[in-house]
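Heads up, the thing below is written out as structure tokens.
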Amino acid sequence: MTHVNTMARKTTGDIVIIGAGAAGLAAAVELAAAGRAIHIIEARDRIGGRICTRHEPDVPIPIELGAEFIHGASPEILDWLRRANEPFADATQTRWMSVKGKLQPADDVFEEMKRELKRVRRPRKDLPFGQFLDEVASRKLSPRSQAFARMLVEGFDAADTSRVSTFEILEEWNGDGAADAPTFRPLNGYGALIQSMVSNVSSENVRVHLTTAVREIHWKRGQVRIIASTLGESVEIEAPKAIVTLPLGVLQLPSHAPGGISFRPALASKQEALAQLASGPVIKVILRFRSPFWEALDAGKYRGAAFFQSAESLFPTYWTSLPARSSLIVAWTAGPNAARLAGSNEHDIVRAALDGLESVFGSSAPIRECFVGAYCHDWQADMFACGAYSYVVAGGASAREALAQPVQNTLFFAGEAAEFEGEAATVAGALRSGQRAARQVLRAIAGAQHRHKRR
Ligand SMILES: Cc1cc2nc3c(=O)[nH]c(=O)nc-3n(C[C@H](O)[C@H](O)[C@H](O)COP(=O)(O)OP(=O)(O)OC[C@H]3O[C@@H](n4cnc5c(N)ncnc54)[C@H](O)[C@@H]3O)c2cc1C
């Protein structure tokens, strides 16, 4: 894979891939293996997209500002890591929940909620999960399960309970990627997955144009012309086919908004799907302490703790780096809580994360004395993401599949939001969607060649 500076005004290739995240790179690997010449256009100055691993010389573990866990034994990811000899480990799942200001063990809370939910009849018509909880499920669910269900939907799915599809949530909780499924961590960080993909594509076939932000996509059957800006210059890249892996939030921006992309002609066939999906906000803060102070609290009872949760805080979820021991704690806010904070300055965000931690451990815990610094990313405010990951709005069961449909065998769609086989919103889903789009492109090319020969 060659990184190029797109200063030539016009470039051509077989296929253009827009976005060098997991989906774009997965597509590139498949297409390069089939001998195709590819241009990848990426707005950021790095590849990886919502995989954003930092390594600091004085921090013993990778700092993950984006994706961190492997949800379920996903072959898409684990095979890559195995091939690259990259270690991964079971992520510790022990959970404590703050109830009326006191931490209580809560390892069984997910199981308990699922058990209680089995007594609730699935509604015939899809409805927003919040309405389902209030009007259908509340009588069968304990107050603890109700609070946890809401926290999970807002925190894990980054969703707004007044919008998200009940069908989607119930399906997810019974699937392989649910919060209680086996979960792993790539021990050198998700960046290792990206590196192992990069080292798998030949440099002649794949050119990556970094800091090149697409603004316009002009297309007609068999021809795509992309207009992008790089370092204040306008450049054009042409190809017969393009794979669009832009994040949902970017695709949903009005074309005249900053960062908005103008399809010409407009993609009328995608409008319904785009309206039935939403991109959830997440702010992730990695708090760094002089020592893991929580391990010494209450006679060491939190030494094996992975998750701490508190429904009352703007940051309802915290986690440690177990099984690796470190003095880092991740503070996580998503959904409506994150929307309230999105766009705030970093100082206020970190203060809210520390305040929340104090509400979990109590004000006598030496949180501020031990605090050294923080790494922070607001994914809603990130103009090349406009949200963390996607969810389906009530009534939108077929939206992901509709988003993924190719348009006139010319524009193809990938990215976590366009995955429709149960892995959406994850790295595994992004990889799978990229592979699927690449195969669709190759089939379209083979079909065209076949028709040409018959003539
Ligand atoms: C905070 C956070 C935590 C997460 N945790 C997990 C986790 O633990 N496990 C998990 O499996 N998943 C997790 N995810 C989700 C996972 O990161 C994503 O589903 C996946 O990385 C998305 O890959 P993608 O290729 O679809 O999109 P992206 O990685 O976003 O790739 C799209 C690319 O398009 C580029 N782009 C945007 N606009 C333009 C433009 N105008 N021109 C050119 N390029 C553009 C972007 O810069 C980006 O590189 C998390 C996500 C976030 C944000």
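The values are calculated or read from the model by the stated rules, or taken from the named source; none is laboratory data. The shown structure was predicted, so the numbers you read here are calculated from the model rather than taken from an experiment. Quick reminder, even Gly has a Cβ in these numbers, built from the backbone with ideal geometry, and neighbours come from all protein chains shown.
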Among residues of segment 421-455 being surrounded by fewer than 20 Cβ atoms within 10 Å (Cβ to Cβ), among the hydrophobic types (A, V, I, L, M, F, W, C) and touching a residue at least 12 places away in the same chain (Cβ under 8 Å), the residue nearest to the ligand (Cβ to nearest atom) is LEU442
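Please verify whether segment 179-186 includes one or more residues that are under 18 Å from LEU31 (Cα atoms), touching a residue at least 40 places away in the same chain (Cβ under 8 Å) and away from the ligand (no atom under 12 Å from the Cβ).
Within segment 179-186, the subset under 18 Å from LEU31 (Cα atoms) is none.
No, segment 179-186 has no match at all.
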Only one of (1) in a helix (DSSP H, G or I); (2) within 16 Å of the ligand (Cβ to nearest atom); (3) closer than 24 Å to PRO57 by Cα does not apply to ALA338, and that is (3)
When every residue in segment 57-74 that is among the small types (Gly, Ala, Ser) and modelled with pLDDT under 95 is compared, the one surrounded by the fewest Cβ atoms within 10 Å (Cβ to Cβ) is ALA73
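Quick grid of which residues meet (1) hydrophobic (A, V, I, L, M, F, W, C); (2) farther than 30 Å from ILE61 by Cα; (3) assigned to a strand (DSSP E or B):
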residue: ILE243; (1), (2), (3): yes, yes, yes
residue: ALA257; (1), (2), (3): yes, yes, no
residue: LYS270; (1), (2), (3): no, yes, no
residue: ALA273; (1), (2), (3): yes, yes, no
residue: ILE283; (1), (2), (3): yes, no, yes
residue: TRP294; (1), (2), (3): yes, no, no
In segment 37-55, anything hydrophobic (A, V, I, L, M, F, W, C) and near the ligand (Cβ under 10 Å from one of its atoms) is listed as ILE40, ILE41, ALA43, ILE47, ILE51, CYS52
Filtering strands (runs of 3 or more DSSP E) wholly in segment 58-162 for at least 1 residues that are out of contact with any Phe, Trp or Tyr (no Cβ under 6 Å at 6 or more places or on another chain) and free of Cβ contacts under 8 Å to residues at least 24 places away in the same chain gives 102-105
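For every residue, the table says whether it meets (1) touching a Leu at 6+ places or on another chain (Cβ under 8 Å); (2) closer than 22 Å to ASP157 by Cβ.
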position	(1), (2)
GLU401	no, yes
GLN405	no, no
PHE412	no, no
GLU423	no, yes
GLY429	no, yes
SER433	no, yes
ARG436	no, no
ARG439	no, no
LEU442	yes, no
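Quick grid of which residues meet (1) small (Gly, Ala, Ser); (2) surrounded by 20 or more Cβ atoms within 10 Å (Cβ to Cβ); (3) within 25 Å of the chain's Cα centre (by Cα):
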position: ALA266; (1), (2), (3): yes, no, no
position: LEU274; (1), (2), (3): no, no, yes
position: ILE286; (1), (2), (3): no, yes, yes
position: TRP294; (1), (2), (3): no, yes, no
position: ARG303; (1), (2), (3): no, no, no
position: ALA306; (1), (2), (3): yes, no, yes
position: SER310; (1), (2), (3): yes, yes, yes
Residue set ARG124, ARG44, ARG115; condition among the basic types (Lys, Arg) and within 17 Å of the chain's Cα centre (by Cα); output residue ARG44
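Residues GLU216, GLU238, GLU204, GLU233: which one is within 14 Å of the ligand (Cβ to nearest atom) and among the acidic types (Asp, Glu)?
None of the other options fit; the residue is GLU216.
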